[in-house]
Structure formats: structure tokens, C-alpha cells
Amino acid sequence: DALAVGETYLDTFRYTAWDGVLPSNVATATITVTGVNDAPQAFPNQYTVSEDVQLTGANVILDDTGSGADRDLDHGDVLRMSQLAGMALTGNTPVVVTLASGAKVTAIYNASLGRYDGNFVYDPTTSAALNALQVGQTGSDSFVYGVGDGLASSTATVNITVRGANDAPVATPNQ
């Protein structure tokens, strides 16, 4: 499984046949194994954030939040984030998606690597429902992402627990 596409490995073994009376001469068999693309494996991630703080510094490909970091068995394959909440990631700019909850998630394009490398920002502050959480309450949100190697892809879910926070009171003038 670790062979890259088109990479070959030769395996040889020697054998002797037996007809019940005499053995044959020793022969050598050579088998050529040619690598094919194995799809990358995306694994679910779990994060926790306060309702009034953006989640930054997270990486869906590299983070191991319990199920393992994403991987590709093929030697030398480079993984990239290929989709965010059903939207294909193309181009070279950040992609922002508004989730059903009203929260926003942004896939970050890494210009120095030339790809969406798995870094993202989750912003629960744009969700009225999540911002209404009281101290001690939690809400949940999620999105599906894809990881690809240029030939195949796999998807997994990011689950986010949002904790309620103490919101400052808002003063309004008397009429």
C-alpha cells in the first residue's frame, strides 16, 4: 500500500517442483508489484470553543483530536483540504462558508505551500443561536470537510462544542 502511483517493487523467490520421484532444477520467480493510488483517509475531529471566541490554529488534516490525524498510505502524497461543507476548494484565497447554525467557517489558503493545508477558522460569534447560550450551557455545530491527494479524496466531520459565556449587559437609553 505504501508504493506511490507507478512506483515498482520487485519480489523474487526460489522454488523447486517435485513430481514424487525427483526434484526439478531450482527456478527463480520474479513478481513486479506496481503502486496504484490509495485514497487518503480523513478522520473526524472534535473541538471546543466559547461562544464569543473564534477557534483559530486548528488544522483538520494534522490535528489528532481522538480519531487520528488524516493520512495517505501512498509514499510521498501531499494532502490538501479539498472541500468545506460541500464547497469545492479551488483558487488561492480563503473560502468562507456560513453553516446552518449561522456560524462561519473559513478554509485558509497557505500561499507558501500552494494549497489549502487544513487550517481553518470557526467563528461562532455570527450565530444568534450560539450567542444566546447561557453560562453552563453548550451547543453543538458541525461541518464536513474533504481531504484529497490530487487523485482521490475522503471526507470526515468536524464536531464543535460551543460553551455559553457570560455576555456583558447592554444599556439602552430611557425614552
Amide hydrogen neighbours beyond the local backbone of residue 65, cut-off 5 Å, H modeled: 46
Per-pair calculated FRET efficiency, R0 = 35 Å: residue 100 and residue 174 via Cβ, rounded to 0.05: 0.35
Potential lengthening between residue 5 and residue 73 on full extension [0.36 nm per residue; Cα-Cα distance subtracted]: 23.4 nm
Å² of accessible area per residue within the chain, as computed with a 1.4 Å probe and no ligands counted: 58 Å²
Apportionment of accessible area to carbon and sulfur, the range 71-140, percent (1.4 Å): 52 percent
More than 20 Å apart - percent of Cα-Cα pairs taken over the chain: 63 percent
Three-way shape label, the range 40-109, alpha-carbon gyration tensor, a/c 1.5: oblate
Highest-MSF residue in the chain out of 21, 158, 121 [GNM, Cα springs under 10 Å]: 21
Carbon plus sulfur fraction of accessible area for the range 2-52, probe 1.4 Å, in percent: 58 percent
Overall form of the range 1-70 per C-alpha gyration tensor (a/c, 1.5; a/b vs b/c): prolate
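The values are calculated or read from the model by the stated rules, or taken from the named source; none is laboratory data. Only a predicted model underlies this, so the values are computations on that prediction, with no experimental measurement involved. Reconstructed Cβ throughout: ideal geometry from the backbone, glycine too, with neighbour counts over all protein chains shown. Quick note on the areas: whole protein, heavy atoms, side chains included, nothing else; ligands and nucleic acids left out. Shrake-Rupley method; radii C 1.70, N 1.55, O 1.52, S 1.80 Å.
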